[in-house]
Amino acid sequence: MLKKLTAVLFVLSNSILFGQECDYNLTGKVVDFHDNSRLAGAIVYLRGVEKGIRSDEDGNYSLDGLCKGQFELIVSHPACDPVFLTIEIQGDTVKDLILEHHVEELDEVQLLGETVKNKMNTAQEQQLTTAVIERYSSATLGDALKEIGGVTGLSTGANIVKPTIHGLNGSRVLMLNDGVRMQDMEWGEEHAPNIDINAAGSISVIKGASALQYGGDAIGGVIVLDQTFRTAQDTLYGKTIVNGMTNGRGGNISTELTKVFDEGWFLKGQASYKRLGDREAPDYVLSNTGIEETGLSIRFGKKNFSWGWDAWYSYYDADIAILRASHIGNIDDLIRSINSGQPQVIEPFTYDISNPRQEVTHHLGKLNIYKRFEGTGKWNLRYDFQNNRRFEYDLRLGEVRDIPAIDLELQTHTINTDFLWDANSTIQVRTGLLGRYQNNFANPDTGVRRLIPDYDKYDLGIFAIGEYRFSEQWLLEAGARYDLTRIDALKYYRTSRWVERGYDQDFSEFVVEDFGNQLLTNPVFDYHNFSGTAGLHYKVNGTVDFRFNYTLAQRAPNPSELFSDGLHHSAARLELGDLRIGSETSHKIALSYQRSFNSWSFLVEPYANFISDFILLEPTGTEFTIRGAFPLWTYRQTNARLLGADLAAFVNWTPEWKTEHRFSIVKGKDTETNIALINIPAANITNKITFEKSEWKNLRTGLESLYVFRQNEYPPDITVFSPEQQQEVLLEINTPPEPYHLLKFYADVEFELGSRTRLGVGVTVDNLLNTNYRDYLNRLRYFADDLGRNIILQLNLKY
Amino acid sequence: MVSAIKSLKTIITLATGILIIACGNDDEIPEIVNEEEVITTVNLTLTPQGGGTSIIVQSQDLDGDGPNPPVISVSGNLTSFTTYEGSILILNETENPAENITEEVEEEDEEHQFFYTSTGSIENIVYNDMDSDGNPVGLSFLLTTGEPGSATLAVTLRHEPVKPNDGSLTNAGGETDIAQTFNITVD
């Protein structure tokens, strides 16, 4: 009330002071930039005069009682970025206002199931909506991402899933968590993203490195997790999701609450907790596969049209049990496991999380400031700090039983700034700078020689990207980026390893001190990486959407590729990096063609990725120790080629019945040796039939069939000497498992409990037929079958 | 103007200070890790019952998990149709003086067991000791040779095996500390 009074007084005082004629009108309509559709509910606000109105159902607005003069006009809409205009009032004025629609709104008319385009204009990109994310609330981020064509997961059991885009993962997939590039030791095959899926509002996947503003090294792609935010004033809203599941006999709870105050102040809190016991395959308990996961985040700030800031803190902790049967002593144990087809350890179900296990903790703090400059654009400044701690507990005995075998602490400080020139509706340019400092500390208290050494890493990046909309249908996009990476490590090498690798010849200058059987070395490397992108987008609304994109990307080797040196006890393998490894360079061409008809549409996305100096890790032989023989995995560089396509089609048979069809294939080849690349996802086909009727309590139900072909292209198996058998034996370490078919069913309904309160009740059944299967990209496939049937019951309360 | 330069200087000094603090642990030398409980050497002594020359069978791997394979040596051939009294010694020779790990095994004998398997001209190997629960340990054993010919002798040390067990590695479980196989000739 007081506010209104002040406003009235202000207006009055204005009129009194100037005493001029103030009875002019400003009228017009608010339309969408893309299709000229009228936008209802847009707020048209005249700054200085402090007058505003909401557009009506036909998008019309009208402001009266205006004086002559120049004013700043702010136009906003819940689904659009606000627009700032200067307007001259000389008499009654008619002005149509154009807004560019955000994707959120398009979700409801989307053509391809639950995914829709966003973020980049010319790259292949798809998005997961909040509804899909909620359905995966009790699973992992990697599981949810598999809904997107061309995205699979490299997993270590059911709890650790690394997203794989177009056959590539790890350091080639950049995870962007609300603008912050995750620094969570993504280099390890058994390191899952340290992200709680429940904290994400929407998730986009850009299949390629074209999103240069995030980094130039995302040869696989970029996963962007965003917050969805309603900027309505003075509201309090939230949601709570509870899941219970049969496989693992546990569940999770996730809750979030947002309060928006006056003048753009907001506060949001989110918390989740998950607890599962041993998971089960159809025929046996997968002993020691439970998980305990906690996520917390708090965010507050002030968001206005012209400026704003926000601070965010997020905490993630996961204690993940690793299948007991996967801990093997030496190569004979591995041969036995592969040959027997049964896990070597099966115990009764328990909630206990025992060794081997890993415990990861991630702290993330971020401060972001933005300011809009009238008629120019928007400036952003961001600082973030991340602390990632990883403990890996092996089956150790005696006094060291409870001491981890791996204990790493990774700390990262990043500062970046960018400026977006968006005043011109045909040309937009964004430029930015990035600086990053990272320190890794490998705790010697483990009593185990470090797999990853202590290091300092410095990054400096600069980029510019622009887009030019040269007609209603056509858009051109181009960008360039330069990154400098310096890595400065302090590492102990075994003298015998240093000599065996030939480092005594090539890198003798790195040696700091000789301890007899170990050498302290100080390798320092600089990498200069250039990346660039260019693309075209052609769109006729509602019928054709065509995208072409070329991207050059370079990636510096990660610490694991350079320095790995030691026995990975839990995997019973020796991993060896190589100091000679340099940056890899990718040239990727991607096309996307989407055609929509009245009741159906299809999407074709072929791509080709040529990578020179591709870094890969593969089994190469055996090393002998007193404990027996161990398979040796080494990193090497080669030239590689990845060819693939993602296809999708969507049919509306009736308003309620729909079907969705997806097919993905990728072929990877080492072009130097003409041998298939390791760990390339097998072709897969998904068919889904859904029935949705909003009159029946918003019923949504579907049956999904996933068929995964056998990967027929893989590197040859290796022969190893078995000390136990005293002969060379074939170790089928690369042979992929048989194809499999899984069915999944889900149904959910929603009840109105009050004007703003809704309760959703849903049931999901994974692996409906309780099929026995093993997946090529599950690192535990040698030891046990994958998960059996899982029935998940979900309650989703929104208020 | 002067004050502006002054404050600029202050800012630069502060910023540099922060940077130095942030990157301060730059040259800190990491502590060396000398792995404990490393077994570098397995040494079997086989003495013929009733006297004669002892045969020493040894596997030594001084660089542990490093690239060099264990060096295996057998001091001579066994005699056919003879029973040998066997004893085993395990050492960590990365330390100076070498650490005798056999003593640790003796102290925790309920948690350890050696397994001996053979092929060819070795007739049998039987345990010649017991832990406090009356189960075999394998620190001493009896080995009987058969016809002249070649033979293999495999030695496995398991940590925390199931005890008692049926004598097979699969049934015993536990963690492998040693797994070495020796080629032996029986005259």
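The figures follow:
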{"item": "Only one of A:ASP506, A:ASP526, A:ASP545 that is touching a Lys or Arg at 6+ places or on another chain (Cβ under 6 Å), more than 14 Å from chain B (Cβ to nearest Cβ) and open to solvent by 20 Å² or more (accessible area, probe 1.4 Å)", "result": "A:ASP526"}
{"item": "Strands (runs of 3 or more DSSP E) within the stretch A:383-502 that include 3 or more residues polar (S, T, N, Q) and open to solvent by less than 60 Å² (accessible area, probe 1.4 Å)", "result": "A:406-421, A:427-442"}
{"item": "Pairs, first open to solvent by less than 10 Å² (accessible area, probe 1.4 Å) in the stretch A:628-640, second at pLDDT 90 or above and outside any strand (DSSP E or B), C-beta under 8 Å, six or more apart", "result": "A:THR638/A:THR671; A:THR638/A:GLU672; A:THR638/A:THR673; A:ALA640/A:THR671; A:ALA640/A:LEU677"}
{"item": "Within the stretch A:239-275, tally of residues that are in a strand (DSSP E or B) and without any contact (Cβ under 8 Å) to a residue 60 or more places away in the chain", "result": "14"}
{"item": "Qualifying residue in the stretch B:157-177 (condition: part of a strand (DSSP E or B) and more than 14 Å from chain A (Cβ to nearest Cβ))", "result": "no"}
{"item": "Unique residue being open to solvent by 70 Å² or more (accessible area, probe 1.4 Å) and touching a strand residue (DSSP E or B) at 6+ places or on another chain (Cβ under 7 Å) when the list is B:ASN124, B:ASN77", "result": "B:ASN77"}
{"item": "Test: residue in the stretch A:19-42 that is at positive phi, at pLDDT 75 or above and not assigned by TED's automatic domain parsing to the domain that holds A:GLY244", "result": "yes"}
{"item": "Which listed residue is touching a His at 6+ places or on another chain (Cβ under 8 Å) and among the polar types (S, T, N, Q), from A:ASN339, A:ASN387, A:ASN368", "result": "A:ASN387"}
{"item": "Residue satisfying condition, being buried (at least 24 other Cβ atoms within 10 Å of the Cβ), hydrophobic (A, V, I, L, M, F, W, C), modelled with pLDDT under 90 and in a loop (DSSP other than H, G, I, E, B), within set A:ALA211, A:ALA192", "result": "A:ALA211"}
{"item": "Enumerated strands (runs of 3 or more DSSP E) restricted to the stretch A:133-183, each holding at least 2 residues that are assigned by TED's automatic domain parsing to the domain that holds A:ALA200 and closer than 14 Å to A:ASN194 by Cα", "result": "A:160-165, A:173-177"}
{"item": "Condition check for A:ASP717: closer than 24 Å to A:ASP670 by Cα, touching a Ser or Thr at 6+ places or on another chain (Cβ under 9 Å) and without any contact (Cβ under 8 Å) to a residue 40 or more places away in the chain", "result": "yes"}
{"item": "Unmet criterion (only one of (1) out of contact with any Leu (no Cβ under 6 Å at 6 or more places or on another chain); (2) within 14 Å of another protein chain (Cβ to nearest Cβ)) for A:LEU574", "result": "(1)"}
{"item": "Condition met for A:SER583 (more than 17 Å from A:GLY644 (Cα to Cα), under 25 Å from the mean Cα position of the chain (by Cα) and open to solvent by 20 Å² or more (accessible area, probe 1.4 Å))", "result": "yes"}
{"item": "Failed condition for A:ARG372, given (1) over 30 Å from A:ASP332 (Cα atoms); (2) at pLDDT 95 or above", "result": "(2)"}
{"item": "Selection from the stretch A:611-630 of residues that are within 14 Å of chain B (Cβ to nearest Cβ) and assigned to a strand (DSSP E or B)", "result": "A:THR620, A:GLY621, A:THR622, A:GLU623, A:PHE624, A:THR625, A:GLY628, A:ALA629, A:PHE630"}
{"item": "Evaluation of A:LEU797 against (1) in contact (Cβ under 8 Å) with a residue 60 or more places away in the chain; (2) part of a loop (DSSP other than H, G, I, E, B) (one fails), failing number", "result": "(2)"}
{"item": "Residue count, the stretch B:151-167 (criterion: open to solvent by 20 Å² or more (accessible area, probe 1.4 Å) and either in contact (Cβ under 8 Å) with a residue 40 or more places away in the chain or under 22 Å from A:ARG396 (Cβ atoms) (or both))", "result": "6"}
{"item": "Residue satisfying condition, being touching a Cys at 6+ places or on another chain (Cβ under 8 Å), within 14 Å of chain B (Cβ to nearest Cβ) and more than 23 Å from B:GLY66 (Cβ to Cβ), within set A:TYR437, A:TYR458", "result": "A:TYR437"}
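This table checks each residue for (1) more than 25 Å from A:GLY577 (Cα to Cα); (2) away from chain B (no Cβ under 14 Å); (3) open to solvent by 60 Å² or more (accessible area, probe 1.4 Å).
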| residue | (1), (2), (3) |
| --- | --- |
| A:GLU656 | yes, yes, no |
| A:THR659 | yes, yes, no |
| A:PHE709 | yes, yes, yes |
| A:PRO715 | no, yes, no |
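The values are calculated or read from the model by the stated rules, or taken from the named source; none is laboratory data. Predicted model, so just to flag it, every value in this text is computed and none were measured. So basically every Cβ, Gly included, is an ideal-geometry build from the backbone, and we count neighbours across all protein chains shown. Areas reflect the complete protein model, heavy atoms only, side chains present, ligands, DNA and RNA absent. Shrake-Rupley method; radii C 1.70, N 1.55, O 1.52, S 1.80 Å.
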